[in-house]
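What follows is a short report on a single structure.
The numbers here are math on the coordinates, done by the rules we state, and not lab data. Here the structure is a predicted model, which is why all the values come from computation and not from measurement. No Cβ is skipped: glycine too gets one built from the backbone with ideal geometry, and neighbour counts run over all protein chains shown.
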């Protein structure tokens, strides 16, 4: 997931290639970024934050295109920009948020509710690894933390999920 | 792969479906590197970006996965917080527990924004006892007053407190009060009928009792890295 290399090559016309490079970046990484923010903030706020982060990517494309870890940068950007979408700095919108709160298949409701009780880094790590197949290294790159920290998030998150779901049965 | 991992894997498409709105059209950028937010309302930007994401969803499904399709597993266990470092984390924060069997201390930490938190788990659910610095008291109170569906005066740990129900989910209740210039928040995630009795049973305990309630694998929150490691 890491790695930029989306900058247009030298000597090519700027606008067309810059737009094409940005669109290629979105095609490759956009959904990943959206999934990460939805895991972090829920569907409603996560979508807004993903859009905000991609807006920043476009504004600063000349820098982002050259970054070794553009997703990590944009994830941090999104976290700081998220404050405008949140009612309280420490309390993000409820995960999973609408429309899943009312429209999710019934066999997912208990799992979604349990995920909502996890701490945010745990939920992001658990969902990206187990729902979307990211490697621990990919998550570590996104969160800008050591792989051992991701391991902790996964271990704690899965243990807490099992505990919550057992309690709720 | 166990049942929980299977269920999480199956959840991915449901989340994707919820987050993906079909795009009306590919956004047209006015010129390279233009400050897009100055030219478009944020809502349009959001719609455009979400649209982009919707178009590429199928391709990204493949791009996200590891090359070999496996999930890496490292062998390092979580960092346990030995009792010797558990108390310094609290930095003088009152040692409190519900006066009921089965409550244990699952996690504790001191965070970059200056607040300290102890997360307890018991037969009724979860309870987070937090202490916030004085400069956040007004902000926190204002937010709770605006968001809560119910607010009433009460008493917690012998202190006059304000008790709130916040409708994020079915089980969020708060009690806040001030002690020595700090805001103490007790956040319950449990059946609403249980929050009151648990709140009433909170009491200050001695160090020995408190340490005995530490779960064997109690963890420091990662943001608590400023405290000494075990």
> When the stretch A:38-56 is examined, which residues are found to be touching a residue at least 12 places away in the same chain (Cβ under 8 Å) and facing chain B (nearest Cβ under 9 Å)?
Replying inline: A:38, A:39, A:43, A:46, A:47, A:48, A:50, A:52, A:53, A:54, A:56
> Name the residues in the stretch A:53-63 that are closer than 18 Å to residue A:142 by Cβ and buried (at least 24 other Cβ atoms within 10 Å of the Cβ), would you?
Replying inline: A:53, A:54, A:57
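If a residue must be part of a helix (DSSP H, G or I) and more than 7 Å from chain B (Cβ to nearest Cβ), how many such residues does the stretch A:128-146 contain?
In the first step, residues of the stretch A:128-146 are kept if they are part of a helix (DSSP H, G or I); the result is A:128-131, A:136-143.
Checking which are more than 7 Å from chain B (Cβ to nearest Cβ) leaves us with A:128, A:138-143.
Summing the residues that are part of a helix (DSSP H, G or I) and more than 7 Å from chain B (Cβ to nearest Cβ) in the stretch A:128-146 gives 7.
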